[in-house]
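Let me begin by presenting the structure, written as structure tokens, before commenting on it.
The values are calculated or read from the model by the stated rules, or taken from the named source; none is laboratory data. What you see is a predicted model; the values in this text were computed from it and never measured. So basically every Cβ, Gly included, is an ideal-geometry build from the backbone, and we count neighbours across all protein chains shown.
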Amino acid sequence: MATRINPSILSADFVNMERDLGRIADADLVHVDVMDNHFVPNLTFGLQMVQRVQEVSPLPLDVHLMIDDPDRWAPDYAETGAFSVTFHAEAATDPVALARRLREIGARAGIALKPGTDPEPYLDLLSEFDQLLVMTVEPGFGGQSFKRDMMPKLQAVRAAAERSGLDLWLQVDGGISLETIEVAAENGADTFVAGSSVFNAADPADQIRMLRERAAAHSHR
């Protein structure tokens with residue numbers, strides 16, 4: 001199983017974004033958290049900012065939409081050329097139709113689940129998505145503590161994907177560190193969003209390498 005490290009620019013220096021993007025050039029993707037101050041109680045980037053990051057980033061973008069009405073807005077983010085666009089199950093009116101639209105545009109389609117959301121209704125729909133994101137914190141702010149009680153959810157999604165023979169990327173976001181990445185990997189995750197643990201490190205590139213090695217060493221298969 002491939003291991004992917006996607007640093008979240010929520011922890012970057014917004015005034016020196018291009019510089020900080022260069023510091024994580026050894027990662028796999030750049031995770032971009034779009035928050036609208038409605039779906040979550042924080043306001044971050046909009047479409048114009050994502051377009052500009054797309055233009056200067058050395059890596060493809062992994063856009064995470066924590067916004068209301070993704071059915072309306074998510075295709076616009078895919079149109080920026082983002083590699084992957086993930087929307088929240090709790091906000092989407094028709095997740096399957098939206099995922100199909102994102103794929104038509106050319107982006108990978110991801111669906112995200114907040115900590116309190118049961119994965120069961122989505123397990124039979126996994127073939128419609130390229131990625132499922134299990135939030136290991138409440139969405140809205142960086143720097144929160146990893147919720148270990150989300151591990152059964154990871155296990156359930158990974159088992160369902162394997163039963164169906166799907167190449168589903170199982171992403172975790174929230175509180176990922178050198179310690180917690182081992183736990184998440186053991187429980188089926190293969191794609192990891194790390195914000196403060198990367199950007200607050202003395203050497204972000206070395207931190208990315210260590211995170212990738214830890215995850216690979218503890219992969220569940």
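When the range 102-113 is examined, which residues are found to be closer than 25 Å to S8 by Cα and surrounded by fewer than 19 Cβ atoms within 10 Å (Cβ to Cβ)? Break it down into steps so the answer makes sense when it comes.
Quick first cut of the range 102-113, residues closer than 25 Å to S8 by Cα only: 102-103, 105-113.
Within the range 102-113, R103, I105, G106 meet the criteria.
Among the listed residues V85, V53, which satisfies the condition of being under 17 Å from the mean Cα position of the chain (by Cα) and more than 24 Å from S164 (Cβ to Cβ)? Full working, then the answer.
On the way: V85 fails: more than 24 Å from S164 (Cβ to Cβ).
Just a single option satisfies the conditions, and that option is V53.
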Subset tally (residues that are β-branched (V, I, T) and loosely packed, with under 14 Cβ neighbours inside 10 Å) for the range 133-177 | 0
Quick one: how many residues across the range 94-141 are within 16 Å of the chain's Cα centre (by Cα), among the aromatic types (F, W, Y) and closer than 18 Å to T191 by Cβ?
-> 1
Is the range 71-78 home to any residue that is surrounded by fewer than 22 Cβ atoms within 10 Å (Cβ to Cβ), among the acidic types (D, E) and modelled with pLDDT of 95 or more?
-> yes
Those residues of the range 1-56 which are under 23 Å from I181 (Cβ atoms) and part of a loop (DSSP other than H, G, I, E, B) amount to M1, A2, T3, A12, I24, A25, D26, A27, D28, L29
